[in-house]
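The values are calculated or read from the model by the stated rules, or taken from the named source; none is laboratory data. Keep in mind that this is a model prediction, so the values were computed, not measured. Reconstructed Cβ throughout: ideal geometry from the backbone, glycine too, with neighbour counts over all protein chains shown. Surface areas here come from the heavy atoms of the whole protein model, side chains and all, with no ligands, DNA or RNA. Shrake-Rupley method; radii C 1.70, N 1.55, O 1.52, S 1.80 Å.
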Amino acid sequence: MTKNVQTVYSYYVEGLLIDTGMRHARNVINDIFAHHQVDRIVLTHHHEDHSGNVAYLMKHFNTHAYAHPLAVDIIKKGYKISPLASLVNGEVERAYIHNLEETPFCTSKYTVHPIYTPGHCNDHYCYFIPEKGWLFSGDIYVADKIKYFVYYEDFGEQIRSLKKLIALDFDSLFCSHNPKTKNGKQHLKNKLQFFEDFYGKTIELHQKGLKPAAILKTLGMKENNFYALITNGNFTAVNMIHAAIKTFEKELNI
Ligand SMILES: [Fe+2]
């Protein structure tokens, strides 16, 4: 577990490390892994609060890391993060990590199933251990109800990913920011229900001709001007409305 301005959880199972925390939490990572051997690293996705120590840990333990092929490409080339993300989390060093397909692999005790779950971003994997009923869910779940979207998040893909995960047999939801050790599946169901209700209401108002700002107001939602300002408009409530409409138009092939 790494702690900074935001709390980010990385998980360690039988020599397997799932995510590596942000660069600015390297002292915490060093403290924890002074006493634990890492045999293999997997990432849920490329974001800097998950991949910020991958290059360092690969070198430190002389081991390999794996992720979705899109994440592999991004981390290999390096990518720019916002000044705010750089301040809060720190930069990500380039690393040569390996493609991970949606094929199960083994630790000394368990079989781990990578589950492709786009929506938060398109290189997102969850990791499922059926023997234990554990789902390591990255950023697919943060809370039952959410109020803001980052501009690149996809509403329809998130709904499809949530349905894919709910079909699995698990109880513990080890997500990266708000883990639920019990009743994890119910939390995913709650989020799915919230998304479906939100989508239905948004599209109904959209079809009546309301603009996104008016839909937001009608749904009783408020913009957080501070978040909007510090993220340069990238993390807003109205992004949820835009994303729902985009999904609707995509599914209608407009
Ligand atoms: Fe993320």
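Listing for the model above:
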| read-out | value |
| --- | --- |
| Count - residues of region 135-152 that are more than 10 Å from the ligand (Cβ to nearest atom), in a loop (DSSP other than H, G, I, E, B) and either among the hydrophobic types (A, V, I, L, M, F, W, C) or at positive phi (or both) | 2 |
| Index of the failed condition, Leu192 passing every other in (1) under 15 Å from Met240 (Cα atoms); (2) within 15 Å of the ligand (Cβ to nearest atom); (3) in contact with a Leu (Cβ under 6 Å, 6 or more places away or on another chain) | (2) |
| The one condition in (1) within 18 Å of Glu249 (Cα to Cα); (2) hydrophobic (A, V, I, L, M, F, W, C); (3) open to solvent by 70 Å² or more (accessible area, probe 1.4 Å) that Phe226 fails to fulfil | (1) |
| Residue match in region 46-55 (condition: β-branched (Val, Ile, Thr) and either closer than 16 Å to Val8 by Cα or open to solvent by 30 Å² or more (accessible area, probe 1.4 Å) (or both)) | yes |
| In region 174-188, the residues that are more than 16 Å from the ligand (Cβ to nearest atom) and either under 16 Å from the mean Cα position of the chain (by Cα) or under 26 Å from Met22 (Cβ atoms) (or both) | Lys180, Thr181, Gly184, His187, Leu188 |
| All positions within region 68-125 that are part of a helix (DSSP H, G or I), small (Gly, Ala, Ser) and away from the ligand (no atom under 13 Å from the Cβ) | Ser86 |
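Yes/no matrix, rows are residues, columns are (1) more than 26 Å from Thr103 (Cα to Cα); (2) surrounded by 15 or more Cβ atoms within 10 Å (Cβ to Cβ); (3) touching an Asp or Glu at 6+ places or on another chain (Cβ under 9 Å); (4) touching a residue at least 60 places away in the same chain (Cβ under 8 Å):
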| site | (1), (2), (3), (4) |
| --- | --- |
| Ile140 | no, yes, no, no |
| Tyr151 | yes, no, no, yes |
| Leu162 | no, yes, no, no |
| Ala167 | no, no, no, no |
| Phe170 | no, yes, no, no |
| Leu173 | no, yes, no, no |
| Asn190 | yes, yes, yes, no |
| Phe195 | yes, yes, no, no |
